[in-house]
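Worksheet for the structure shown next.
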Amino acid sequence: MTDVRSVPSSASFAQMLRVPFSMCDPAGIVFFVQYHLLFQNLVESWVTERLGVEYSELLGPRRVGLPTVRLETDFRAISRMGDRISVSLRVEHVGTKSLVLLLAVHGDDGQLRVEARQVIVCTSLETHRAQPFPDDLRTALLRFCAIP
């Protein structure tokens, strides 16, 4: 099995939301760190809802961590309270122990607001060391990406 595989798929997962007051700074625009919270919430929903592996079960009883070890973010345009935005992800690479996601936020008008590249590593919450993805999660990741 290859350690890292490029993913030729355009499969994506997205959620729409309206920007709430609680995400905004005194200038009335989304405070930049809030995008990182949106991305984390999206990843959790993607794992549970689309991949079919309960995120809370991974971290809880199964003691499998999925920490972010690298996050590069480019802020392209502002979002304001009340804006409708789409938060989405695509898989760039799937490895034995890591995963690279491409994340984006678009406005209702299709304008790119934020884009990011995130590296997630599978770890044991007992040893805090990298480990291979559990079989069910790896199978779900490959199925999502349509990799044989």
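Just a few scattered comments:
- Here the stretch 25-50 is the region considered, the condition is being of a type in the set (Gly, Ala, Ser) and over 10 Å from the mean Cα position of the chain (by Cα), and the residue that is surrounded by the fewest Cβ atoms within 10 Å (Cβ to Cβ) is Ala27.
- Residue satisfying condition, being surrounded by 12 or more Cβ atoms within 10 Å (Cβ to Cβ), touching a strand residue (DSSP E or B) at 6+ places or on another chain (Cβ under 8 Å), closer than 19 Å to Phe133 by Cβ and of a type in the set (Val, Ile, Thr), within set Val69, Val64: Val64
- First in the stretch 11-29 and at positive phi, second anywhere and in a loop (DSSP other than H, G, I, E, B) and surrounded by 11 or more Cβ atoms within 10 Å (Cβ to Cβ), Cβ under 7 Å, 6 or more apart: Gly28/Met81
- Pick from the stretch 73-119, criterion outside any strand (DSSP E or B) and among the acidic types (Asp, Glu), ranking: modelled with the highest pLDDT: Asp83
- Taking the numbered list (1) assigned to a helix (DSSP H, G or I); (2) in contact (Cβ under 8 Å) with a residue 60 or more places away in the chain in turn, Gly52 passes all entries but (1).
- Search result, residues across the stretch 2-29 that are within 18 Å of Val47 (Cβ to Cβ), part of a strand (DSSP E or B) and at pLDDT below 95: Ser12
The values are calculated or read from the model by the stated rules, or taken from the named source; none is laboratory data. A quick note: this is a predicted structure, and the numbers were derived from the prediction, not measured. Methodologically, a virtual Cβ is constructed for each residue, glycine included, from the backbone with ideal geometry; neighbour enumeration extends over all protein chains shown.
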